[in-house]
Amino acid sequence: MADKPDKPAEPASSQRTLLCVVDDSEELSQALRFACRRANSTNARMALLYVIPPTEFQHWASVGDRMKEEAREKAEELLNVVASLVQKRTGRTPVVYIREGKSEQELITLINEHEDISLLILGASSGSSGPGPLVSYLLKEMAGKLRVPVTVVPGALTDEQIDAIS
């Protein structure tokens, strides 16, 4: 008698999604390399999230609006570059999300809204100031509360080291 699977097979239309947070940090490169290789090896698709921090300028509405526009333009430019790289590395167009607010809250909200997200991949700074605020928050405050595993890719890893482990 054959063993029964623990859960039924997923429908062919559903696909696992690996989420990578995009910012202008140096460690993004290592996180993306790992995420793309992981997506290729598991036939998953990639999703990218960029969170625009809330603007704190409130003296003149038009200045605040312009600051928001510039932040949005910066986010779109960076995401276009990163999405192009992901496309080249995986052969698939990533899903792109731009949110406004606190990065920690927007990340958790996005994960909870999209059940297809099955893994969060973050880059960790190798500097003396620690791994970065988002990594620190998730590991200290949210460990055990997130519904997806978190892979933290050290920013000091070389391409060869990432290739060897992914």
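If the requirement is being among the polar types (S, T, N, Q) and at pLDDT 90 or above, which of these qualifies: SER62, SER84, SER14?
Being among the polar types (S, T, N, Q) and at pLDDT 90 or above holds for just one of SER62, SER84, SER14, which is SER84.
Among (1) out of contact with any strand residue (DSSP E or B) (no Cβ under 7 Å at 6 or more places or on another chain); (2) within 18 Å of GLU27 (Cβ to Cβ); (3) surrounded by 12 or more Cβ atoms within 10 Å (Cβ to Cβ), which single condition is ILE108 missing?
That leaves (2) as the condition not met.
Looking at region 141-156 only, could you name the residues that are farther than 24 Å from SER29 by Cβ and either exposed (fewer than 13 other Cβ atoms within 10 Å of the Cβ) or touching a residue at least 40 places away in the same chain (Cβ under 8 Å) (or both)?
Hits for region 141-156 are GLU141, ALA143, GLY144, LYS145, ARG147.
The conditions are (1) out of contact with any Pro (no Cβ under 6 Å at 6 or more places or on another chain); (2) surrounded by 17 or more Cβ atoms within 10 Å (Cβ to Cβ); (3) more than 14 Å from CYS20 (Cα to Cα), and LYS74 fails exactly one of them. Which is it?
Checking LYS74 against (1) out of contact with any Pro (no Cβ under 6 Å at 6 or more places or on another chain); (2) surrounded by 17 or more Cβ atoms within 10 Å (Cβ to Cβ); (3) more than 14 Å from CYS20 (Cα to Cα), the one that fails is (2).
The values are calculated or read from the model by the stated rules, or taken from the named source; none is laboratory data. None of the values given here were measured: they were computed from a predicted structure. When we count neighbours, we look across all protein chains shown, and the Cβ atoms used for this are built from the backbone with ideal geometry, even at glycine.
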